[in-house]
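A short write-up of the structure that comes next.
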Amino acid sequence: MQETIHMPLRDLFYISRLLEKYVDGESLYTSTLVRIPAPHFVVFYNGSTKAPEDITLKLSDAFAERKGKQQEKKGPELELKVRFLNINQGHNGELMKRCRTLREYSEFVARVRKYADAEGTIEKAVDRAVTECIAEGILADFLRDQRKEVIAVSIFEYNEEEELKKFGKAEYRSGKAEGKGESVILALEMKGSVPEVLKERIFEEKDVSLLEAWLRAAIEADTAEAFLEKTGLQGNVL
């Protein structure tokens, strides 16, 4: 669950960027109120660490200090609340009954974890889970259409979760860029051959945020060439 404790702060950054785009072209210095959509924040948790069913994460929980009893009564001047829902198997039964997609996704994740030890490699475990779910009508249309992308993302997420368990915070952070770089290359190799010069460029990158963007681009791209064009790396490595 430790990977979700900063969701309110992460969502604050995200909604700020989103609202900037939403009001682009509008003047915020007039007497006319610019209307914006009311945001609602929810995180669906499927990690392997024990977690509660349904709680609210608050930005104010991270505040370094509170200024006096009077302010505590009024509440924080800045707040963002995120509803946290555990969607692992055996949790939030009523929600799962109402939402077939969440229920089937939970089943897919449970199978990946179940097969991870039996198959020896996470790649084989994910492939087996995808094959079985398609055959049994579990997220079948989505998994059939997006098979390669689902496998790449599942391997990436599972490996990241496992690494977080194995290593301490400092060690995990130092190796995070390398791990994400490997995930980018793995996603590209599922689309075809990857030039060595491109692999070298990916492993050289230490900016984790940029590597995360590259991973999304690698999953969406049909070929390594399309990835290069999408990321603007074409002129740097070829």
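The values are calculated or read from the model by the stated rules, or taken from the named source; none is laboratory data. Computed from a prediction, not measured in an experiment: that's the story for all the values here. Quick reminder, even Gly has a Cβ in these numbers, built from the backbone with ideal geometry, and neighbours come from all protein chains shown. Ligands, DNA and RNA are excluded from the accessible area calculation, which covers all protein heavy atoms including side chains. Shrake-Rupley method; radii C 1.70, N 1.55, O 1.52, S 1.80 Å.
Worth pointing out:
- Test: residue in region 170-189 that is touching a Pro at 6+ places or on another chain (Cβ under 9 Å), modelled with pLDDT under 85 and on the phi < 0 side of the Ramachandran plot: no
- Residues in region 126-147 that are farther than 19 Å from S183 by Cβ and either among the β-branched types (V, I, T) or in contact (Cβ under 8 Å) with a residue 24 or more places away in the chain (or both): 6 in all.
- Only one of the listed residues (V112, V150, V82) is touching a helix residue (DSSP H, G or I) at 6+ places or on another chain (Cβ under 7 Å), modelled with pLDDT of 90 or more, of a type in the set (V, I, T) and under 29 Å from L9 (Cα atoms). That residue is V82.
- Subset of region 84-123 that is within 27 Å of K58 (Cβ to Cβ) and among the aromatic types (F, W, Y) - its residue that is surrounded by the most Cβ atoms within 10 Å (Cβ to Cβ): F84
- Residue within region 52-69 that is farther than 27 Å from F13 by Cβ, open to solvent by less than 50 Å² (accessible area, probe 1.4 Å) and not in a loop (DSSP other than H, G, I, E, B) present: yes
- Test: residue in region 12-25 that is exposed (fewer than 12 other Cβ atoms within 10 Å of the Cβ), under 30 Å from N86 (Cα atoms) and not hydroxyl-bearing (S, T, Y): yes
- Positions within region 180-238 being within 22 Å of the chain's Cα centre (by Cα), over 20 Å from R147 (Cα atoms) and not in a helix (DSSP H, G or I), in sequence order: E205, K206, D207
- Check on E107, out of contact with any strand residue (DSSP E or B) (no Cβ under 6 Å at 6 or more places or on another chain) and acidic (D, E): yes
- Among the residues of this structure, Y158 counts as one that is crowded, with 17+ Cβ neighbours inside 10 Å and within 18 Å of T49 (Cβ to Cβ).
- Residue count for region 85-125 under the criterion of being touching an Asp or Glu at 6+ places or on another chain (Cβ under 7 Å) and either touching a residue at least 60 places away in the same chain (Cβ under 8 Å) or of a type in the set (A, V, I, L, M) (or both): the result is 2.
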